[in-house]
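Everything below concerns the one structure shown next.
The values are calculated or read from the model by the stated rules, or taken from the named source; none is laboratory data. What you see is a predicted model, and the numbers here were worked out from it, not measured in a lab. Here the Cβ positions follow ideal geometry from the backbone for every residue, glycine too, while neighbour counts run over all protein chains shown.
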Amino acid sequence: MKVVIAPDSFKGSLTAYEAALAIEKGVKKAAPEVDAVLVPVADGGEGTMDSLVAATNGRKVDVIVNGPLGGEVKAAYGILGDQQTCIIEMASASGLCLITSEQRNPMAATTFGTGQLIKKALDDGCRKFILAIGGSATNDGGVGMLQALGMRLLDSHSVSIGFGGAELSRIATIDDRDFDPRIAEAEFLIATDVQNPLVGPDGATYVFGPQKGATVEMLEILDANLQHWADLVEEKTGIRLHDKPGAGAAGGIGGAFQAFFPAVTKRGIDIVIEYTGLAEKLSGADCVFTGEGQIDFQTASGKTPMGVAEEAKKNGIPVFVLSGSIGKGIETLYEHGIHSVHSIVNAPMTLQEAIERAAGLLEQSAEQVMRTYLAP
């Protein structure tokens, strides 16, 4: 019997690989003879780089860059096994994971460090890029990234603006004469499932700003600043980002890629499925285990369990989802190849307890699901 184990990370407790190992232990307690194929995956957020580097026998390159609020942080980019493709996780340089909840401030947070990662990879000869842009702390329209790559954004006195979403209102001129010419020679594949426009009630600021620390007062300012930036971009390039799908991804960096890079956007989980060879590894499988920290109505929008299930459904393979918590709206998932959803929490406990015990809980749940699957 062949079982494919393809979970995402359980944020704050287990990496995707650690989760896969825990599930494998549980499955083999119920069926020691099982051929377990581990395929740790991700959906374009944190863990995407590690998943692709591991799947392709690639390597990571450490780089010191500016963090989202200034100060140096240790980030990294990955080189995949083909020795040609560079994978960059925006979160490693400009992510919420780098600051405390009290420090969150999209008025000041910058994507400059993400630009530094791209520049270092270009210096090292990379010309094919995958950008995973989930988990950002920023709402600067990708302006910081552009500054790191040589674009000058000047105020009415021809002085370069500072960093953060608050500074966008000062931009009077986009000077791209020193914008890194190697960008035009490269390919950029943007991994995101976000289809929000740049501005307005469904845009980057109002939808994602609150989780990045934006107050009600900040939301109005930040959205107006992105509107101003979009006006300038349209004037400069002829590309209208205001209502363009995906332009609002990661605080508007999605729009910067659309306007100034030779970029194509694709669902993160689809990119990961392609590079990990999941479709081939599903061949001959009897069932699939997947999972992540929380399952709810948002899972259907392209999260890891949904992508894995869609791929498995093509071959009629049942999919079991293990999750730390189960939210509202999971009923829709059953239409897309997911057979059942199981919470690994087996007793009243705090979130911290669940995080600390995640590996054991995951192992136990996997064993019970496997025993049920094997029951006559």
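The listed residues are Ala366, Ala285, and the only one of them that is touching a helix residue (DSSP H, G or I) at 6+ places or on another chain (Cβ under 7 Å) and outside the structural domain of Trp229 (by TED's automatic domain parsing) turns out to be Ala366. Report yes if Phe320 is aromatic (Phe, Trp, Tyr), assigned by TED's automatic domain parsing to the domain that holds Ala6 and under 21 Å from the mean Cα position of the chain (by Cα), otherwise no. When the stated conditions are applied, Phe320 does not pass them.
Scanning the stretch 1-57 for residues that are polar (S, T, N, Q) and part of a helix (DSSP H, G or I), which turns out surrounded by the most Cβ atoms within 10 Å (Cβ to Cβ)? Don't jump to the end; show me each part of the working.
At the first step, the residues of the stretch 1-57 found to be polar (S, T, N, Q) are 9, 13, 15, 48, 51, 56-57.
From what is left, the residues that are part of a helix (DSSP H, G or I) are 48, 51.
Numbers: Thr48: 33, Ser51: 27.
Top of the filtered list is Thr48.
For Lys74, state whether it is in contact (Cβ under 8 Å) with a residue 60 or more places away in the chain and either buried (at least 22 other Cβ atoms within 10 Å of the Cβ) or not polar (S, T, N, Q) (or both). It is false that Lys74 is in contact (Cβ under 8 Å) with a residue 60 or more places away in the chain and either buried (at least 22 other Cβ atoms within 10 Å of the Cβ) or not polar (S, T, N, Q) (or both). If I go through the stretch 293-336 residue by residue, how many of them are under 15 Å from Ala6 (Cβ atoms) and among the polar types (S, T, N, Q)? Selection size over the stretch 293-336: 4. Summed over the stretch 322-367, residues that are in contact (Cβ under 8 Å) with a residue 60 or more places away in the chain and farther than 17 Å from Thr15 by Cα total 3. Entry remark, the stretch 242-297: residues being in contact with a strand residue (DSSP E or B) (Cβ under 9 Å, 6 or more places away or on another chain), of a type in the set (A, V, I, L, M, F, W, C), surrounded by fewer than 23 Cβ atoms within 10 Å (Cβ to Cβ) and within 18 Å of Pro40 (Cα to Cα) number 4 in total.
Filter the stretch 162-172 down to the residues that are surrounded by fewer than 20 Cβ atoms within 10 Å (Cβ to Cβ) and within 30 Å of Met49 (Cβ to Cβ) and list them by number.
Taking the stretch 162-172 as the starting set, the residues that turn out to be surrounded by fewer than 20 Cβ atoms within 10 Å (Cβ to Cβ) are 162, 169-170, 172.
Once the filter is applied, which keeps residues that are surrounded by fewer than 20 Cβ atoms within 10 Å (Cβ to Cβ) and within 30 Å of Met49 (Cβ to Cβ), the stretch 162-172 yields only Gly162.
Output yes when any residue across the stretch 259-273 is touching a residue at least 40 places away in the same chain (Cβ under 8 Å), touching a Leu at 6+ places or on another chain (Cβ under 7 Å) and assigned to a strand (DSSP E or B), and no when none is. Walk me through how you get there before you give the answer.
Of the stretch 259-273, the ones touching a residue at least 40 places away in the same chain (Cβ under 8 Å) are 260-269, 271-273.
Okay, now just the ones that are also touching a Leu at 6+ places or on another chain (Cβ under 7 Å), so 260, 264, 266, 271-272.
Keeping just the survivors that are assigned to a strand (DSSP E or B) gives 264, 266.
Yes, the stretch 259-273 has at least one match.
Here Tyr17 clears all of (1) in contact with a strand residue (DSSP E or B) (Cβ under 8 Å, 6 or more places away or on another chain); (2) at pLDDT 95 or above except the condition numbered (2).
I'd like to check something: does the stretch 191-198 contain any residue that is at pLDDT below 95, under 30 Å from Thr48 (Cα atoms) and among the hydrophobic types (A, V, I, L, M, F, W, C)? Yes, the stretch 191-198 contains a residue that is at pLDDT below 95, under 30 Å from Thr48 (Cα atoms) and among the hydrophobic types (A, V, I, L, M, F, W, C).
Which pairs have Cβ atoms under 6 Å, sit 6 or more apart or on different chains, and link a residue in the stretch 159-171 that is without any contact (Cβ under 8 Å) to a residue 24 or more places away in the chain to one that is in a loop (DSSP other than H, G, I, E, B) and surrounded by fewer than 18 Cβ atoms within 10 Å (Cβ to Cβ)? Within 6 Å, the pairs are Ile161/Asp155; Arg170/Asp155. Between Ile221, Ile174, the distinction of being part of a strand (DSSP E or B) and touching a residue at least 40 places away in the same chain (Cβ under 8 Å) belongs to Ile174 only. Taken over the stretch 207-226, the criterion of being surrounded by fewer than 20 Cβ atoms within 10 Å (Cβ to Cβ) and over 19 Å from the mean Cα position of the chain (by Cα) is satisfied by Thr215, Val216, Glu217, Leu219, Glu220, Ile221, Ala224. Taken together, Gly164, Gly150, Gly141, Gly125 contain a single residue that is in contact with a Leu (Cβ under 7 Å, 6 or more places away or on another chain) and on the phi > 0 side of the Ramachandran plot, which is Gly141.
I'd like the full set of residues that are of a type in the set (S, T, N, Q) and closer than 18 Å to Val39 by Cβ, limited to the stretch 300-322. So that I can check it myself, show each step before the final result.
To start, the set of residues in the stretch 300-322 that are of a type in the set (S, T, N, Q) comprises 301, 304, 315.
Once the filter is applied, which keeps residues that are of a type in the set (S, T, N, Q) and closer than 18 Å to Val39 by Cβ, the stretch 300-322 yields Thr304, Asn315.
Scanning the stretch 96-142 for residues that are of a type in the set (Val, Ile, Thr), more than 17 Å from Gly246 (Cβ to Cβ) and buried (at least 19 other Cβ atoms within 10 Å of the Cβ) gives Ile99, Thr110, Ile118.
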